[in-house]
1. Name the residues in the stretch 4-33 that are under 17 Å from residue 44 (Cα atoms) and aromatic (Phe, Trp, Tyr), would you?
2. Quick test of your reading of the structure: residue 12 fulfils all but one of (1) under 18 Å from residue 62 (Cα atoms); (2) part of a helix (DSSP H, G or I). Name the failing condition by number.
3. Tally the residues that are of a type outside the set (S, T, N, Q) and surrounded by 12 or more Cβ atoms within 10 Å (Cβ to Cβ), restricting the search to the stretch 35-60.
4. Take the conditions modelled with pLDDT of 85 or more, in a helix (DSSP H, G or I) and of a type outside the set (S, T, N, Q) and apply them to residue 63. Does it pass?
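The values are calculated or read from the model by the stated rules, or taken from the named source; none is laboratory data. Treat the numbers as computed from the prediction; the structure is a model and nothing was measured. Note that each Cβ is placed from the backbone with ideal geometry, even for glycine, and that neighbours are counted across all protein chains shown.
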Amino acid sequence: MATYKKAGLDQLNGLHGELANYFTGILQGGDVPPAVVGHIIKFLKDNEITADLLESKPMSSLIQQFLTDSDSYTSELLRAEFS
């Protein structure tokens with residue numbers, strides 16, 4: 001059985017940054033599967049990443065865009081999250 005050395009803080013920070021960049025790329029590519037959106041939301045929640053929807057115009061616009069898309073499973077996820 002292989003023995004693995006515990007990851008250091010620099011390595012974990014690098015991994016965190018790479019995941020954030022990867023998720024950003026997916027979102028910018030459009031047409032994101034609902035399961036992936038769920039993983040991205042979980043990543044943000046697990047890392048206590050939040051935005052004040054009243055103060056963040058881009059975030060408010062993004063949420064509104066998803067909420068008005070009645071055919072989207074993503075809008076159902078966001079309604080449950082932000083309602």
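1. 22, 23
2. Among (1) under 18 Å from residue 62 (Cα atoms); (2) part of a helix (DSSP H, G or I), the lone unmet condition for residue 12 is (1).
3. First, pick out the residues of the stretch 35-60 that are of a type outside the set (S, T, N, Q): 35-46, 48-49, 51-55, 57-59.
Okay, now just the ones that are also surrounded by 12 or more Cβ atoms within 10 Å (Cβ to Cβ), so 36-41, 43-44, 51, 53, 59.
Here the count works out to 11.
4. Numbers: modelled with pLDDT of 85 or more: no; in a helix (DSSP H, G or I): yes; of a type outside the set (S, T, N, Q): yes.
No; evaluated as a whole, the condition is false for this residue.
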